[in-house]
Structures are given as C-alpha cells and as structure tokens.
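The values are calculated or read from the model by the stated rules, or taken from the named source; none is laboratory data. Quantities reported herein were computed from a predicted structural model and do not represent experimental measurements. All Cβ positions, glycine included, derive from the backbone under ideal geometry; neighbour counts span all protein chains shown. To get the accessible areas, we keep the full protein, side chains included, count just its heavy atoms, and leave off ligands, DNA and RNA. Shrake-Rupley method; radii C 1.70, N 1.55, O 1.52, S 1.80 Å.
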Amino acid sequence: MGPDEQLRERLGHVLDPELGTSIVELGMVGEVMVHPNGRARVAVALTTAACPLRAQIERDVREAALSLDAVTSVEVVVAVMDAPARRELMRRARTAAQRRAPDTSIPPQVPVLMIASGKGGVGKSSVAANLAAALALSGRSVGVLDADVWGFSLSRLLGVHGDVEARAGKMIPRERALGEGRVQLLSMGLLAEADEALLWRGLIVQKAVAQFIEDADWSGVDYFIVDTPPGTGDVAMTLARLLPQMGQLVITTPAPAAQQVAARAADFARKSNIRVLGVIENMSALACACGARHALFGEGGGRRLADDLGVPLLAEIALNPAISHASDTGDPVALGEGADGVFASLARRIVDEVAPPAGAANCSARLLDAINRSVEVSA
C-alpha cells in the first residue's frame with residue numbers, strides 16, 4: 001500500500017463531529033496526495049462554507065495525516081459541496097445511522113412520521129391526533145409518542161387516559177381501539193398531572209424521550225407518529241439518532257411569517273439527516289355557512305413553503321371550530337368526517353404516496369395489488 005492509500009485509510013478514522021461517521025464514508029474527502037518530500041495534500045468538501053466545525057475537521061485531518069511517518073506537513077484544501085453532493089452525503093449519513101441505531105421495538109421498516117413546526121400555535125398536535133385517528137380507522141395500528149414533554153396534550157386530544165403500566169421492564173403504551181385499528185400512546189400527560197409544570201432541560205429531556213422509545217413496547221405498530229415541541233433543539237436530535245427512518249411532516253399556517261419559521265424547522269431537519277416528506281397547511285380559509293370563504297390568516301403559505309422545499313403540499317385543513325370542540329372531548333374530528341374528509345384523504349396520501357406501510361413500499365408489490373384489484377372488479 002502506497003503513501004496515498006495509507007493516508008486515505010488513516011482519514012477513514014476521522015469522524016464528522018455532528019454525524020459521528022467517517023468523513024471518507026460520507027464522501028467528504030476528495031484528492032489525497034503525499035509528495036516524496038513528505039508534504040501531504042488533502043481535499044475536504046464541507047456542506048457549507050460557514051460550517052461551525054470546520055476548524056475541528058481541519059485539525060483532525062492534520063492530526064491523522066501527521067500520524068504517518070511519511071508525512072511531515074499537511075495542506076488541507078477546503079471546498080463547499082454542491083447540491084447533489086450534499087444529497088449524497090445525507091443518504092450516506094442516514095445509512096450509517098441505521099447501522100448504528102439502538103435496538104428498539106419499532107422495526108426499521110415501520111414508517112416514522114415526525115410532526116413538526118417552527119412555532120407554537122399552528123395546530124401541530126391536533127393534526128397529529130387526527131392523522132393518527134384516520135390511519136387507525138383505515139385498519140392500522142398506530143403508535144403515537146407525545147415528545148412535547150412540556151406542552152403535552154395528546155392524551156386529552158385522543159381521549160386516552162389511565163396509568164402507564166410496565167411489563168418485563170418495558171412501558172406499555174395506553175391503547176384505544178378506533179374502527180378496525182387502534183392507537184397506542186405514551187405521553188407525559190399519562191405520567192404527570194394535567195396542570196403540572198415540568199422544569200426539565202437538556203439531558204433530562206433527551207433521556208425522557210429516549211426512554212419513551214427504548215424502554216417501551218411498541219411492537220406491532222404499522223405507523224409511528226411523533227409529535228415534537230415547536231422549533232428546533234435537543235428532542236429532534238435525539239429522535240434523529242434513535243429513529244433514523246424518520247421523516248418530517250411540516251405544519252404551517254397560511255401566514256407568510258409562519259411559513260418562514262416553518263422553513264427553519266425543515267432546514268434543521270435536513271441538516272440533521274431527517275427527510276422532509278411534505279407540508280400540511282393548517283387553519284386555511286374559514287368556510288362560512290353562507291358559502292363565502294374568509295382567509296383569516298392569509299393565503300398560500302403552505303403552497304409557497306412546499307414549492308420552496310421541493311416537497312408536496314399534502315393537505316390544506318380549513319379553520320374549523322369542530323376540530324377544537326372535538327379535541328376538548330377527546331374524540332378527534334377525523335372519527336366522524338367520513339371517507340371524503342380532509343384527514344381521511346391525508347391518511348390515504350401518506351399510505352399511498354409518502355410513506356407506504358412495511359411490505360407495500362416496493363413498486364412490484366403495489367403493482368401486483370393494483371392488478372389483483374382490477375381482476376376482482378372485472379370478475
């Protein structure tokens with residue numbers, strides 16, 4: 001093995017500080033050359049010119065190079081990745097994260113839907129509750145984690161109450177049957193008093209969220225929905241580490257200000273190697289009984305955000321007082337809206353387009369299913 005190959009091998013031990021994966025495996029290392037005079041030249045590509053960890057990466061590269069006897073000095077040439085290279089890096093990072101992910105009762109092929117927003121007050125939790133109910137009505141078993149440990153509300157929204165039990169060292173989610181399916185919920189709302197404030201920060205919050213995933217029995221779920229706190233922070237990073245298959249559904253209102261804040265949540269997701277699956281616009285125009293539409297919060301924010309992110313706009317949910325009333329009673333409005341309702345339609349798009357359930361995600365299986373349905377109709 002020549003000096004160039006030895007140096008590249010040594011660089012394989014340098015990890016990206018944020019992703020915890022080798023910079024060689026991530027495709028960040030370009031040309032590697034060791035001159036006979038002992039001077040080494042290493043090309044490194046970063047995702048952004050303003051990378052805050054640039055100095056650390058350069059230092060680690062130099063240290064790795066200088067550990068070779070053949071190297072006496074090092075030149076690190078830093079460049080910035082183009083968009084295709086960044087997408088490839090994200091793909092490699094997700095693959096590496098899947099290999100390192102801790103064992104949980106949630107199989108890696110189960111779709112995980114992260115319900116996220118850049119700010120509070122956009123109806124994120126009500127969307128999570130109604131989407132879970134709509135998926136359950138379609139015959140699925142839906143795990144729901146209320147990861148908003150400060151603003152927990154899903155136990156009330158879904159009408160799921162009672163003490164959390166432990167069995168064989170695992171927390172057992174509380175369950176509610178809905179139609180032919182069911183929802184299984186873990187929330188601080190099942191462990192703390194409804195009006196109790198949790199003075200938690202940092203590592204305590206991360207540990208609580210990790211326990212809800214690692215120390216709980218989620219076996220048998222077809223979908224796993226996670227309602228996250230508004231904004232970006234420790235909870236999202238913990239979830240990305242524990243559930244590398246997770247994808248984000250961004251919730252926004254039509255207002256331009258909400259759209260801009262939601263864009264930051266999506267940007268954070270992509271930088272954390274979380275796929276952005278689509279946008280849901282909540283609190284769209286109010287339909288008056290007289291037939292008129294009133295855009296109380298503006299118009300078009302969801303469409304603009306989806307276009308900017310290059311993802312589909314999955315639903316526009318009208319401002320509807322019935323949603324708020326149903327949330328107060330613990331019976332999500334999705335339970336009574338019928339097959340043509342907005343949440344039923346959203347659930348179908350999730351199943352058919354965005355995150356097909358395990359066993360139906362490949363094209364061949366879906367084509368075969370379509371053929372079988374056609375044969376049944378013509379018979």
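Quote the convex hull volume per residue of region 85-156, based on C-alpha atoms, as a whole number of Å³. Working shown, then result.
Details: hull volume 10.7 nm³, N = 72.
Per residue, the Cα convex hull of region 85-156 comes to 149 Å³.
By per-residue mean of other Cβ atoms within 10 Å, what is the highest-first order of 348-356, 222-230? If you can, show how the numbers build up before the last one.
Values: 348-356: 16.4, 222-230: 23.9.
Ranked by mean Cβ neighbours within 10 Å, highest first: 222-230, 348-356.
Give me the lysines in straight-line cross-link reach of Lys119: C-alpha distance below 19 Å, same-chain residues under 8 apart excluded.
Excluding near neighbours in sequence, the set is Lys271.
Computing the accessible area with a 1.4 Å probe over protein heavy atoms, can you report the carbon and sulfur percentage for region 4-49? Walk me through the numbers on the way to the answer.
Values: 1070 of 2230 Å².
Taking all protein chains in place, region 4-49 shows 48 percent carbon and sulfur surface.
So how long is each side of region 39-164 along the principal axes, counting just the alpha-carbon atoms, biggest first, in Å?
Principal axes ranked by extent give 67, 32, 30 Å for the Cα atoms.
Compute the Rg to Rh ratio over region 7-78 from the alpha carbon atoms, using the Kirkwood formula for Rh, and round to two decimal places.
We get a ratio of 0.95 for region 7-78.
Stretch Ala322-Ala168 to full length: gain in nm at 0.36 nm per residue minus the Cα-Cα span? It would help to have the intermediate numbers written out before the result.
Working: separation 154, 0.36 × 154 = 55.44 nm, distance 4.11 nm.
Once the chain is fully extended between Ala322 and Ala168, it gains 51.3 nm.
Need one number: nm distance between label points at Asp267 and Glu5, each 7 Å from Cα along Cα→Cβ, rounded to one decimal.
Here the answer is 4.4 nm between the modelled labels.
Spin-label point model (7 Å from Cα, Cβ direction): what's the Ala177 to Ala79 distance in nm?
Taking the two extended label points, one gets 6.2 nm.
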